[in-house]
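First comes the structure, then the notes that go with it.
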Amino acid sequence: MARADLKSKLPHIFIDGEAGTTGLGIRQRLAGRTDMVVISIDPALRKDAEARREMMKRADVTILCLPDDAAKEAAALNATLGASATRIVDASTAHRTAQGWVYGFPELSKAQAAAVANANLVANPGCYPTGAIALIRPLIDSGLMAADHAVTVNAVSGYTGGGKSMIEAYEAGKAPAFELYGLGFEHKHVPELQAYSKLTRRPIFIPSVGNFAQGMLVSIPVHLDMLKGQPTGADLHKALSDHYRSSSWVSVISLEDTAKLGGRIEPEALNDTNKLELLVFSSEKHRQAVLVARLDNLGKGASGAAVQNVELMLGMKE
């Protein structure tokens, strides 16, 4: 078979919004792959609805790396294609709790990877919710945490998670070294965090940003005696380990290796990977624990997760 013919048989991927931070990350992850073809729109036509519609018709999967309103418009545009519609992975916030969309966190439950693989519409998770849900959901599923437990989620991200203006401010030296935000309690990640954690009580979520480009820590403090059955830190660790035992990308760090960290953890160790690490720091003396998730906000928190979902949708190894 001629090389051109072989290329035409490979699945085609269109990144709508490939010039943004997430889109660039996806392109980098797909560069050099021989099992799929990335197709690009003429930059002069990137806002031309008909040109984008034609790209969607050519694509097996389209990844939306757009602001929320533009992502909704793109999904509506795709729906006009009928039988020629592309499958979509949406990296925006627009469809994460929308009816008809599958949440693109394959490790969420035993059935979630198959749900992603069979879906036509997949909503990529947010970076912060990825870490928080990964910690909370197994505790609720295992019965260690009540669904109405009062949960507080604290998190810090590199500034690349804040979009173009934040990136420019930090790289120009005009931004603070560290700041809390979302203090109006209306952060757009809360609905998905609550829904896919199975929490019935709205969690308190306080994000922050630091003067480093990428990397993320999500932490959840708990009083062990306020959890169901008054578990130990080891019990929490076991629930997480059991949930992610067969996962390719999510690992639960052993209590022994966690102890070796000396009560400290930094956010950049997993940069440029699709890995997610979960850790349990606990004190039986004080009956307290802190659950921590570490990931790259541009990796498992964005571009890496999108590529993982595309691979599942195309029947490739996770």
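In the range 187-262, the C-alpha radius of gyration followed by the widest Cα-Cα span (Dmax) gives 15.0, 41 angstrom. Across the options 205, 254, 286, the greatest Cα extent toward the positive end of the charge dipole of the range 162-318 (unit charges at beta carbon of Lys, Arg, Asp, Glu) belongs to 286. Ranking of 88, 204 by solvent-accessible surface, largest first: 204, 88 (1.4 Å probe, protein heavy atoms only, all chains present).
Considering only alpha-carbon pairs that sit under 8 angstrom and 6 or more positions apart, the relative contact order computed for the chain is 19 percent.
Put one equal scatterer on each alpha carbon of the range 1-120, apply the Debye formula with no solvent term, and list log10 I(q)/I(0) at q = 0.10, 0.16, 0.23 1/Å to two decimals. After summing over all Cα pairs, the log10 values are -0.31, -0.81, -1.50. Listed by chain and number, the lysines placed with their C-alpha closer than 26 angstrom to that of residue 275 are 110, 164, 188, 198, 238, 260, 300, 317; residues fewer than eight positions away on the same chain are left out. Note on residue 87: accessible area is roughly 50 Å² with a 1.4 Å probe, heavy atoms of protein only. Note that the chain presents 47 Å² accessible area per residue, ligands and nucleic acids not counted, probe 1.4 Å.
Scan (i) 23.3, 84; (ii) 19.3, 66; (iii) 20.2, 69 for the value of Rg and Dmax of the Cα atoms in Å calculated from this model and give just the label. Of the listed options (i) 23.3, 84; (ii) 19.3, 66; (iii) 20.2, 69, (iii) comes from this structure. Taking chymotrypsin sites (Phe, Trp or Tyr not before Pro) as exposed when DSSP calls them loop (any state but H, G, I, E, B) and at most 13 other Cβ atoms lie within 10 Å, what is the longest stretch of the chain free of them, the sites themselves excluded? Formally, the longest exposed-site-free interval is 1-180. A cut-off under 13 angstrom between Cβ atoms defines the neighbours of residue 190, and their net charge, with Lys, Arg +1 and Asp, Glu -1, is +2.
The values are calculated or read from the model by the stated rules, or taken from the named source; none is laboratory data. Remember, predicted model here, so these are calculated numbers, not experimental data. Positions of Cβ are generated from backbone atoms using ideal geometry, with glycine treated the same way; all protein chains shown enter the neighbour counts. The accessibility values were calculated without ligands, DNA or RNA, using every heavy atom of the protein model including side chains. Shrake-Rupley method; radii C 1.70, N 1.55, O 1.52, S 1.80 Å.
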